[in-house]
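Below: the structure, in structure tokens.
Please treat every number below as a calculation from the coordinates, not as lab data. What you are looking at is a predicted structure, and each value in this text was computed from that prediction instead of being measured. For neighbour counting, all protein chains shown are included, and Cβ atoms are generated from backbone atoms with ideal geometry for every residue, glycine included.
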Amino acid sequence: MDQKNQFLSAPTAARAFGFFVDGEWKDGAEHFERASPGHGTPVTRTVRCTVDDLNAAVAAARRAFEDRRWAGLSGAARGSVLLRVAEILRRRRDEIAYWEALENGKPISQARGEIDHCIACFEVGAGAARMLHGDSFNSLGDDLFGMVLREPIGVVGLITPWNFPFLILCERVPFILASGCTMVVKPSEVTAATTLLLAEVLAEAGLPAGVYNVITGSGRTIGQALSEHPDVDMLSFTGSTAVGRSCVHAAADSNFKKLGLELGGKNPIIVFADSDLEDAADGAAFGISFNTGQCCVSSSRLIVERSVAAEFERLLVEKMKKIRVGDPLDERTQVGAITTEAQNATILDYIAQGKAAGATLLTGGEAIDLGRGQYIAPTLFSGVSRDMAIARDEIFGPVLCSMHFDTVEEAIQLANDTVYGLAASVWTKNIDKALTVSRRVRAGRFWVNTIMAGGPEMPLGGFKQSGWGREAGMYGVEEYTQVKSVHVEIGKRSHWIA
Ligand code: NDP
């Protein structure tokens, strides 16, 4: 059997994982069993860590930071560890993708593609470790020279969500490591396996003990305690706006730790009549259905020029009906299972609200019964008005709302009519419109005639209530540093006391 196919059925029993502190695997008294959302059968078992376990992890990360076993290395030495990580991930790609698909419900082919992106994150992180530098001021006069040093911020807490457990992890870990920081990671309890597998990979690559620690458990207990911890210097949180807000309170009430927040989105996709409508329809279908719409950057508000709206919606319905929804372990599947029962119920509730509010259901709008697991058909509503809940709230599911416009100004105004500002796209062959809309729509990531494209060289993050700070690329690595101004007197001091 070739390596690609050896993992393509669900395991017969749950695989047990410990948690990882100071380079060692540990077990605990209480455990959590995760069932695959695509199959309904148990697949993994992780430890419900205690606050004492968390404190031990933070203490290990603190020791590893203070004794400079990692921060004291050259950027080249840190970079070579990150390059070895990339090599090991390449070797273990299919295995890691398998556990990701099982716990999250995403299609196996998509999970493999995500691991490829993660490999690139480590390669870019390796370059960033070598290129990170400060600044100098040669403009302070002959008597004074100024240097700006970039120093790692210290111990980072990293809380990651369940929608892209490994990808979101790998858009942060290489850059945290590149900066010289140490960390304690708390993955979502329902999708912790691949974060734990990364501990094995990092250790094999030569990362010193104590630099990467993972504690498992629920957000309400361990996540909250990590966000409140007085010995954590920075917290990077990705998840809901509500928990993001609680992290801000926790930081204020503890030690004013720095925060990086990547929160919700209600992202517009603006389609002009002069675009390639086939391309745009394909982009719109992908933008809302990829990862079952459980993406912070899902394009969930279609803003289409009225003169082509009916034709465009017809093209889009045709495409959405062809999407292959199915078993995450089937190589042909394009859209897998909804990750949690709670999220499944939330999405179905929003669909019911859309119908009740009078929006016109053009396709989907229901659960798909595959005999096991939880699946929802890609859904398109037309006739949506901007005050409806389906147009305003982040649904985090495969539900697209179509609204129509007549002028460029109206399109920009509709796009900006949200508390969020994570991502947006515009589809047009007119360069003036493309540039005007890109510059006026308030979003951290913008795509022109494409969607969800890019690499870890480019920064990601949000405007408005979509968050604070940027991850990935040089912008991302700089977030995990702080700057220190060093002033150097040259020659004899001119005395204050004569
Ligand atoms: P959460 O914000 O609750 O979960 C995200 C992460 O935060 C998980 O690791 C979770 O742990 C942890 N967490 C939960 N509560 C706390 C807390 N009090 N303090 C610190 N960490 C905590 O998202 P939900 O799972 O509740 O999803 C709800 C909605 O959030 C979705 O419908 C979607 O709109 C949005 N969301 C956005 C994401 C994004 O990428 N921007 C990702 C996920 C959700 P655990 O899961 O173990 O409880």
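At a glance:
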item	result
Rough spin-label spacing in nm, given labels placed 7 Å along Cα→Cβ, for K26 and H487	4.5
Value of Rg to Rh for segment 383-429 (Rh from inverse mean 1/r over Cα pairs, i.e. Kirkwood)	0.94
Whichever aspartates and glutamates have a C-alpha closer than 16 Å to that of K464, once near sequence neighbours (fewer than 8 apart) are set aside	E262, D393, E394, D417
Over the chain: helical MRE at 222 nm, DSSP H runs n ≥ 4 each giving -39500 (n - 2.57), nearest 500	-11500 deg cm²/dmol
Hz values of 3J(HN,Hα) by residue in segment 471-476 - Karplus curve (6.51, -1.76, 1.60), Gly and Pro given as x	10, 6, x, 5, 4, x
Potential lengthening between T360 and L435 on full extension [0.36 nm per residue; Cα-Cα distance subtracted]	23.8 nm
Cα-based convex hull volume of segment 357-498 per residue, rounded to whole Å³	248
Protection-proxy order for peptides 8-16, 146-154, each taking the mean of Cβ atoms within 10 Å per residue, highest first	146-154, 8-16
Convex hull (Cα only) mean projected area of segment 267-448, reported in nm² to one decimal	9.7
Calculated FRET value between T41 and E204, using beta carbons and R₀ = 35 Å, to 0.05	0.70
q = 0.10, 0.11, 0.14 Å⁻¹: log10 I(q)/I(0) that the Debye formula gives for the chain, counting C-alpha atoms only	-0.78, -0.93, -1.38
Debye-sum result for segment 167-245 in log10 I(q)/I(0), which assumes one identical scatterer on each alpha carbon, at q = 0.22 Å⁻¹	-1.18
Rough spin-label spacing in nm, given labels placed 7 Å along Cα→Cβ, for F145 and N449	5.0
Projected area averaged over orientations for segment 228-360, convex hull of C-alpha atoms, nm²	11.4
Between segment 466-483 and segment 185-226, the Cα center-to-center distance that results, in Å	21
Taking the C-alpha atoms of segment 208-301, convex hull volume expressed per residue in Å³	152
Coil-residue chymotrypsin sites (Phe, Trp or Tyr not before Pro) of segment 251-305, DSSP, other Cβ within 10 Å capped at 14	F256
Karplus (6.51, -1.76, 1.60) ³J(HN,Hα), θ = phi - 60°, over segment 122-137, in Hz, Gly and Pro reported as x	5, 5, 5, x, 4, x, 5, 4, 7, 8, 4, 8, x, 8, 9, 10
For peptides 120-127, 294-301, 443-450, sequence by mean Cβ density within 10 Å, most packed first	294-301, 120-127, 443-450
Two-site FRET efficiency, R15 against V248, from Cβ-Cβ distance with R₀ of 45 Å, rounded to 0.05	0.80
Where only C-alpha atoms are counted, convex hull volume of segment 88-226 per residue in Å³	129
Among the listed pairs K106/K186; K319/K429; K321/K429; K319/K355; K266/K319, those beyond 24 Å (Cα-Cα)	K321/K429
Amide H within-cut-off set for G23, under 5 Å, with H built and near neighbours excluded	G210
